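Below: one structure, written as C-alpha cells.
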Amino acid sequence: MKDLLIMRAFHITGPQQGAVVELPNPVPGSGDVLVSVERVGICGTDVEFFNGDMAYLHSGHAKYPMQIGHEWCGTIVEVGVGVDQSWVGKRVTGDTMLGCQECERCATGYQYLCENRNEIGIRNGYAGALAELLVVPEFALHQIPDHMDATLGALVEPGGNALRSVQSAQLKKGERLLIFGPGTIGLLCALFAVEAGYEVHLAGRPGRSLEYAKEFASRNKIAGVWALDEIPALAFHGIIDATFSTEIPGRALELLEPGRRVVYIGISGEPSTIDTRTLVLKDITAVGILSASPGLAGTIEKYGNNLVNPSEIVAAVIGLDEVAAALAGSRPTGAGAGPKIHINPQK
C-alpha cells in the first residue's frame, strides 16, 4: 500500500533522461496553497529541457534534476498560513510567472517580467506540476468553473499566450490574419482569431502538423492553410509568428501590410534577423509575447462560456510513467492527430 505522505513526480535528470520518483508530499508555506494536480500539458519548452537545449540551462536559471509542468489545473486541498480556507475544494489553474511582489515591475502590473521571478516548472528550481501535488502562491491562482473539464483547464496557459498574441495584432472584424506555425499555439491563435471575427490563414512546413491543420481548419471556419511556398498574394493586416524558424520573422515583415502589427511568440533556437529598413519604411509595429499572464482571465472566460473550445487538439492523456517517451517524441498508442499531449499525474 502506498504511503499517503509520499507522492509521485516526474523528474528530468539530464539530457534525454527522466524518471518517476517518489518524494515527500510538499507543504504549503505562508501565502501558498497545495493543489492536487488533475491534468498537465507538455509543450515545446518542456521538450527543450528534456533535450538539453533550453536557454535557461545555459544561463544558470535552470539545472537538473528538475520537475517540469507549467500548463496545469487541479483542486486545492490545503492552504498555508494567511490564506483563506474558502480556497479549499476550488478548482484552479495558475500563472507560471511568480514575481517577487516587491519590485517596481511587480507593483505596476508587470510581475510576469520581474527580474527575480520564479517560473513554475521552468526557472530557479520551482517545482512544476508533473506530480500528484503542487505548491502555488495564492497570488498566482485563477479559479476555473466547475463545469470546465480538465482538458480545457490545462489548456488555459497556452491559451493565454495565444489570446495575447491575437489581441496584440489589433485587427478589426473582417480583416485578414496570417499565422505562421500550425502547432498548438498557432491553432489556439486561429481559434481566438476566428471567434474575434477575423479571416484566418495558417502557414507551415509540409508534414503531419500541416495536414492536421487542414482538417482542423475545415471544422473551425479557418479560411486557408498553406505550405510556406504556397501562401497566396493577399493583403495580410496582421501576422503572428508562432514558429521556431530563423527565417520567418523577416518574411513576416515582407508579407505584412504597411502600418500594421507583427506579433512574435515563437522563439528560434538561434538568433533570427529582420531588416529594420523594412520595419521602418513600412511603418510596422513589432510585438513580442513572453507570457500568458495577462491573458489567463480572458482565456478562462472564453473557454467557460464555450466561445472557444480547443479540446480536439489534445491527442492523448497519459500517466507519469509515459512522460519520458512522450518528451522524446514517441506518440502514445492510440493517440489522435492533434499536437498536444496531456498527463494525468494521478493515473
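Which one of these is assigned to a helix (DSSP H, G or I), assigned by TED's automatic domain parsing to the domain that holds TYR56 and surrounded by 14 or more Cβ atoms within 10 Å (Cβ to Cβ): ALA324, ALA213, ALA316? Give the steps one after another, and end with the answer.
Working: ALA213 fails: assigned by TED's automatic domain parsing to the domain that holds TYR56; ALA316 fails: assigned to a helix (DSSP H, G or I).
Result of the check over ALA324, ALA213, ALA316: ALA324.
Give the range 55-93 a look and list any residue that's in contact (Cβ under 8 Å) with a residue 60 or more places away in the chain and either of a type in the set (Gly, Ala, Ser) or closer than 18 Å to HIS11 by Cβ (or both), or say none.
Hits for the range 55-93 are TYR56, HIS61, ALA62, LYS63, MET66, GLN67, ILE68, GLY69, HIS70, GLU71, TRP72, GLY74.
Determine which single condition TRP226 fails, assuming it passes every other condition in (1) within 21 Å of the chain's Cα centre (by Cα); (2) hydrophobic (A, V, I, L, M, F, W, C); (3) modelled with pLDDT of 95 or more.
Only one criterion is unmet by TRP226, namely (1).
Does LEU234 meet the test of being in contact with a strand residue (DSSP E or B) (Cβ under 9 Å, 6 or more places away or on another chain), buried (at least 24 other Cβ atoms within 10 Å of the Cβ) and of a type outside the set (Gly, Ala, Ser)? Write out each step before concluding.
Working: in contact with a strand residue (DSSP E or B) (Cβ under 9 Å, 6 or more places away or on another chain): yes; buried (at least 24 other Cβ atoms within 10 Å of the Cβ): no; of a type outside the set (Gly, Ala, Ser): yes.
Considered against the rule, which asks whether it is in contact with a strand residue (DSSP E or B) (Cβ under 9 Å, 6 or more places away or on another chain), buried (at least 24 other Cβ atoms within 10 Å of the Cβ) and of a type outside the set (Gly, Ala, Ser), LEU234 comes out as no.
Write out, first by first residue and then by second, each pair whose Cβ atoms fall under 8 Å of each other, whose residues are 6+ apart or on separate chains, and whose first residue, in the range 277-289, is part of a strand (DSSP E or B) while the second is surrounded by 11 or more Cβ atoms within 10 Å (Cβ to Cβ) and modelled with pLDDT under 95.
Within 8 Å, the pairs are ALA286/ILE274.
Which members of the range 106-156 meet the condition of being touching a helix residue (DSSP H, G or I) at 6+ places or on another chain (Cβ under 7 Å) and under 13 Å from PRO294 (Cα atoms)?
Passing the criteria: GLN111, TYR112, LEU113, HIS142, VAL156.
May I ask you to list the residues in the range 292-313 that are more than 23 Å from ASN51 (Cβ to Cβ), aliphatic (A, V, I, L, M) and part of a helix (DSSP H, G or I)?
Passing the criteria: LEU296, ALA297, ILE300.
For the structure I just gave you, tell me whether ALA107 is under 22 Å from the mean Cα position of the chain (by Cα), of a type outside the set (D, E, K, R) and farther than 24 Å from VAL314 by Cβ. Talk me through it step by step, then tell me what you get.
On the way: under 22 Å from the mean Cα position of the chain (by Cα): no; of a type outside the set (D, E, K, R): yes; farther than 24 Å from VAL314 by Cβ: yes.
Answer is no for this residue.
So which strands (runs of 3 or more DSSP E) are wholly in the range 113-183 and hold at least 3 residues that are crowded, with 21+ Cβ neighbours inside 10 Å?
On the way: elements: 133-137, 141-143, 176-180.
In the range 113-183, 133-137, 176-180 are the strands (runs of 3 or more DSSP E) which contain 3 or more residues that are crowded, with 21+ Cβ neighbours inside 10 Å.
Could you look through the range 67-91, keep only residues that are aliphatic (A, V, I, L, M) and touching a Gly at 6+ places or on another chain (Cβ under 7 Å), and pick out the one that is surrounded by the fewest Cβ atoms within 10 Å (Cβ to Cβ)?
Taking the range 67-91 as the starting set, the residues that turn out to be aliphatic (A, V, I, L, M) are 68, 76-77, 79, 81, 83, 88.
Among the residues that remain, those that are also touching a Gly at 6+ places or on another chain (Cβ under 7 Å) are: 68, 76, 83.
Working: ILE68: 29, ILE76: 23, VAL83: 21.
So, considering only residues that are aliphatic (A, V, I, L, M) and touching a Gly at 6+ places or on another chain (Cβ under 7 Å), the one surrounded by the fewest Cβ atoms within 10 Å (Cβ to Cβ) is VAL83.
Among the residues of the range 35-43, is there at least one that is assigned to a loop (DSSP other than H, G, I, E, B) and touching a strand residue (DSSP E or B) at 6+ places or on another chain (Cβ under 9 Å)?
yes
The values are calculated or read from the model by the stated rules, or taken from the named source; none is laboratory data. None of these values were measured; they are calculated from a predicted model. For neighbour counting, all protein chains shown are included, and Cβ atoms are generated from backbone atoms with ideal geometry for every residue, glycine included.
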